[in-house]
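Report on the structure given below.
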Amino acid sequence: MNEQSSFEEHGRRLFEASVENIDMRVRSRLTQARHAALDVAAGPRLRFLRLPVWSSAAGVTAAGVLAFALWVGGPMGQPHHAQPVADTQAGLEDLELVASSDENNAAPMEMLQNDIDFYEWAADKTASGDSGSIG
Amino acid sequence: MAGFATLSQAWMAWDGPAPAPKDAALDHTKELEKFLSEVERRAFRIAQVSLRDEDDALDVVQDAMLKLARNYSAKPSAEWRPLFYRILENGIRDLQRRRAVRKRLMAWMPGPKEDPDEEAVDPLENVAAGGSDAPGLLMQEQAMRQLETSLRALPARQREAFMLRNFEGLDVAQTAKAMGCSEGSVKTHYSRAVHTLREQLGEVW
């Protein structure tokens, strides 16, 4: 009986040692798997808490898309006016400057959203070739 | 105002934080995290012994974690361990069945026959270079490999009983729950497993 106990104990020790020697790649993947499982267990409550993080990013992206549509293509539903390539290129560069802020500094996009009427009017003016009266 | 008076009296009588539902949920999540972090590496090694493949072992452990979290996380934490190992053993068995089917199909296909179970293992590959106890570690590695080889030769139920009882330290009742059989069957499987392993490894160890 003692021999059996020592046999079992030896096997247990070997197993414990092999657990300790698990490499970092596997440990890392196990940690990721654990976090994924905890995310599932947390359910909609914690996922809801994360909503503002991605929704703010989505908001900024949506504002960017809207600004791009206004700047380059004009208002939706109206025929697209052909523009000189140089004008379009300049518009894109300006848009890049405005959109270059990251998610944590969304002030330019907010400004764009606040003055959306002005930019719409400016886009119309530009499309109709009456650029002289703008700023 | 009477309402405020009642409320302030209630605050005076209050001498500890009431368990708000949100806090209780967070405690439960922390408890689950603690449980998973305790079992994840051991579960991985148990799966690896049975499957002989690191990625397959990681997959079944991840799957077991997700299933436990999705379906049983609301159960009392004392029930998690046998449930988790039951899910894990089912996952291992499913994968082994799929492999067996694939192997039978591959036998009908032309081309070179590959058996991933037959890949050569370098006993030195996991020994740290220049370690002060390298010979001891090497012997330990070799002994574990011999044990793994003998375990794989056992019938599946005996192997499960041995790993759950000996490696994971489940008692007979927990092992029976994890294996989905009676406690008597667990004792029989375990006893036979130990007998066979001792016969095979007794001289080597």
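The values are calculated or read from the model by the stated rules, or taken from the named source; none is laboratory data. What you are looking at is a predicted structure, and each value in this text was computed from that prediction instead of being measured. Cβ: placed from backbone, ideal geometry, glycine included. Neighbour counts: every protein chain shown.
Taking only the range B:48-79 into account, find how many residues are away from chain A (no Cβ under 11 Å) and either surrounded by fewer than 21 Cβ atoms within 10 Å (Cβ to Cβ) or free of Cβ contacts under 8 Å to residues at least 60 places away in the same chain (or both).
Looking only at the range B:48-79, we keep the residues that are away from chain A (no Cβ under 11 Å), and these are B:50-53, B:56, B:75-79.
In the following step, the residues that additionally are either surrounded by fewer than 21 Cβ atoms within 10 Å (Cβ to Cβ) or free of Cβ contacts under 8 Å to residues at least 60 places away in the same chain (or both) were identified as B:51-53, B:56, B:75-79.
Counting residues in the range B:48-79 that are away from chain A (no Cβ under 11 Å) and either surrounded by fewer than 21 Cβ atoms within 10 Å (Cβ to Cβ) or free of Cβ contacts under 8 Å to residues at least 60 places away in the same chain (or both) gives 9.
Does B:R45 meet the test of being surrounded by fewer than 21 Cβ atoms within 10 Å (Cβ to Cβ), of a type in the set (K, R) and in contact (Cβ under 8 Å) with a residue 60 or more places away in the chain? Reasoning before the result, please.
Working: surrounded by fewer than 21 Cβ atoms within 10 Å (Cβ to Cβ): no; of a type in the set (K, R): yes; in contact (Cβ under 8 Å) with a residue 60 or more places away in the chain: yes.
No: the conditions fail for B:R45.
Within the range A:1-14, identify whether any single residue is at pLDDT below 75 and not in a helix (DSSP H, G or I), and answer yes or no. Talk me through it step by step, then tell me what you get.
Step one: list which residues in the range A:1-14 are at pLDDT below 75, which gives A:1-2.
Going one step further and asking which of them are not in a helix (DSSP H, G or I), we end up with A:1.
Within the range A:1-14 (the criterion being at pLDDT below 75 and not in a helix (DSSP H, G or I)), the answer is yes, since at least one residue qualifies.
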